[in-house]
Amino acid sequence: MQPPKSSICVICGIRSATTAEHVPPRGFFKGTVGQFRTVPACDICNNGSSEDDESLRNFISAQIGKQTTGAKNLWEMGAHKSLLRSTKIRSALLSTLQEVSVTNEDGSPTTRLRFSVPVSLYQRVFERVTRGLYFLHTEKILPIDTPVQINLLTHAPDLSSPEFRIFEKYSIAEDAFEYRFVLDPQAPSNSIWLFTIHGSHWVWSSTGAIVDDSS
């Protein structure tokens, strides 16, 4: 898919576009091939997001483990190396660990470790992804004052349900990243997006009037 052209950065909607931004971040893919998506961006939005992208990549990889070949490559060729290389990144990930009480199948109590969800990190990275893909499919920049809300889903949605039949579906890099979206035909800045990373990590995005102000 050839990206439409824009002289303005489609992420911030303000500065001149002088480079191209990968949406989603290319760091989400290790050992996979395929057509990646890029959109016009400014240097600040492109280069200033690298640390966020790497941190979120590591967090996602630590959660999904090695369930698929793509997920295994993401850990072994990306996240694991990143954590070994950088004390700062390793500390940031480990600082989110929490010990929680759970019940075994036989009813006995035990404790397990889990990661706290870095909500603000998800918001920054996937708002960028949403704005980039919105431009890619509409050839219009989502206005900077249009709110974008990001929610991490705890389980896979039922994609066979009727409401998902109107969503357009696309995949990137050997299906390592899938996304579905629908636009309000009367007000295109109102949209819903569903992202799937390596078949097991789900993120929901909504824009415009669809954003839930009560959350």
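How large is the charge dipole for the chain, taken about the Cα centre, if only the Cβ atoms of Lys, Arg (+1) and Asp, Glu (-1) carry charge, to the nearest 20 debye?
Numbers: 21 positive and 22 negative charges, 144 e Å.
In debye, rounded to 20, the chain gives about 700.
Tell me the mean residue ellipticity at 222 nm calculated for the chain from its helices only (DSSP H runs of n ≥ 4, each -39500 (n - 2.57), averaged over every residue, nearest 500).
Numbers: 6 runs with 60 residues, N = 215.
Only helices count here, giving -8000 deg cm²/dmol.
Relative to the first principal axis of the alpha-carbon coordinates of the chain, what is the inclination of helix 119-138, with its axis defined by its Cα atoms, in degrees from 0 to 90 and to the nearest 10?
Approximately 40 degrees, to the nearest ten.
Looking at the range 47-99, which trypsin sites (Lys or Arg not before Pro) are in a loop (DSSP not H, G, I, E or B) and have at most 15 other Cβ atoms within 10 Å? If you can, show how the numbers build up before the last one.
Details: sites: R57, K66, K72, K81, R85, K88, R90; in loops: K66.
Taking the range 47-99 and a limit of 15 other Cβ atoms within 10 Å, the loop trypsin sites (Lys or Arg not before Pro) found are K66.
In the chain, which longest range has no GluC sites (Glu not before Pro) that are both DSSP loop (not H, G, I, E or B) and surrounded by at most 12 other Cβ atoms within 10 Å? Kindly include the intermediate steps, with their values, before the conclusion.
Working: sites that count: E105, E139.
That gives 1-104 as the longest site-free run.
Where Lys and Arg each count +1 and Asp and Glu each count -1, what net charge lies around L133 among other residues with Cβ under 14 Å from its Cβ? Mind showing how you got there, number by number?
On the way: positive: R37, R128, R131, K140, K169, R180; negative: E21, E127, E139, E168, E178.
Spelling it out: positives minus negatives among the neighbours equals +1.
What is the Cα centroid distance between the range 1-46 and the range 162-202, reported in whole angstrom?
18 Å
Taking only Cα atoms, what is the 0 to 90° angle, nearest 10, from helix 50-64's long axis to the longest principal axis of the chain?
That helix lies at roughly 50 degrees to the long axis.
Can you give the net charge of the other residues whose Cβ lies under 12 Å from the Cβ of K81, counting K and R as +1 and D and E as -1?
Numbers: positive: K30, R57, R85, R90; negative: E54, E76.
So the environment of K81 carries a net charge of +2.
Please tell me the relative contact order of the range 101-215 in percent, rounded to the nearest whole number, where contacts are Cα pairs under 8 Å and at least six residues apart. Show your work: numbers first, answer last.
Working: 149 pairs, mean separation 25.4, N = 115.
Computed value for the range 101-215: 22 percent relative contact order.
If you take every residue apart from L121 with its C-beta less than 12 Å away from the C-beta of L121, what net charge results, scoring Lys and Arg +1 and Asp and Glu -1? Could the numbers behind the result be given before it?
Working: positive: R57, R124, R128; negative: E51, D52, D53, E54, E127.
That works out to -2.
What percentages make up the Cα-Cα pair-distance distribution of the range 142-206 when the bins are 10 Å wide from 0?
With a bin width of 10 Å, the distribution comes to 20, 51, 27, 3.
For the range 67-73, what does the Karplus curve 6.51 cos²θ - 1.76 cosθ + 1.60, with θ = phi - 60°, yield as ³J(HN,Hα) per residue in whole Hz, taken in order and with x for Gly and Pro?
After applying 6.51 cos²θ - 1.76 cosθ + 1.60, I find 5, 10, 4, x, 5, 4, 5 Hz.
Since every read-out is calculated from the coordinates, none of them should be taken as a lab result. Source: prediction; values computed, not measured. Cβ sites come from the backbone with ideal geometry, for glycine too, and all protein chains shown count toward neighbours.
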